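To start, the structure itself, in structure tokens.
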Amino acid sequence: QVQLVESGGGLVHPGGSLRLSCSASGSVFSPYCMAWYRQVPGEHRDFVAHITSSGNTNYVDSVKSRFTISIAKPTNTAYLRMNNPKPEDSTVYCCNLQNPGDVHYWGQGTQVTVSS
């Protein structure tokens with residue numbers, strides 16, 4: 001079906017910048033949506049950002065104006081640019097893809113650590 005592979009996580013200083021990538025492969029059908037979530041204790045996932053295959057975006061208020069989600073359609077890759085990350089942004093970020101018919105797929109996650 002669909003495989004999602006995240007990359008780009010790592011250590012970043014507050015006020016720095018980091019870009020996460022999510023590459024989708026397999027049976028991706030347009031129109032689709034991709035999104036970034038982040039893990040909280042108990043494995044609960046909080047919504048971070050969402051983008052449609054046509055480029056429409058939305059964000060959780062806490063990251064709006066700091067994070068930017070984008071998509072490269074030729075490679076079915078979603079990105080999350082994290083500008084001015086804060087220590088409370090530190091967690092595992094997971095990629096989600098929604099195919100037509102409300103079928104969802106999840107990546108394995110990539111760790112982001114924000115520390116001075």
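Just so you know, all these numbers are worked out from the coordinates, no wet-lab data involved. Everything quoted here is computed from the prediction, not taken from an experiment. When we count neighbours, we look across all protein chains shown, and the Cβ atoms used for this are built from the backbone with ideal geometry, even at glycine.
What the table below lists for this structure:
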item: Of Gly42, Gly55, Gly16, the one that fluctuates the most in a GNM where the chain has Cα springs shorter than 10 Å; result: Gly42
item: Cys with no candidate disulfide partner in the chain (beta-carbon separation under 4.7 Å rule); result: Cys33, Cys94
item: Under 5 Å, built H, 5+ apart or other chain: amide partners of Arg19; result: Met82
item: Cα centroid separation - the stretch 64-112 against the stretch 7-60, whole Å; result: 1 Å
item: For the stretch 73-116, Kirkwood radius (reciprocal of mean inverse C-alpha pair distance, Å); result: 12.5 Å
item: For the chain: relative contact order, % (alpha-carbon pairs under 8 angstrom, 6 or more apart); result: 37 percent
item: Values of log10 I(q)/I(0), in the order q = 0.11 Å⁻¹, for the chain under a Debye, Cα-only, solvent-free model; result: -0.32
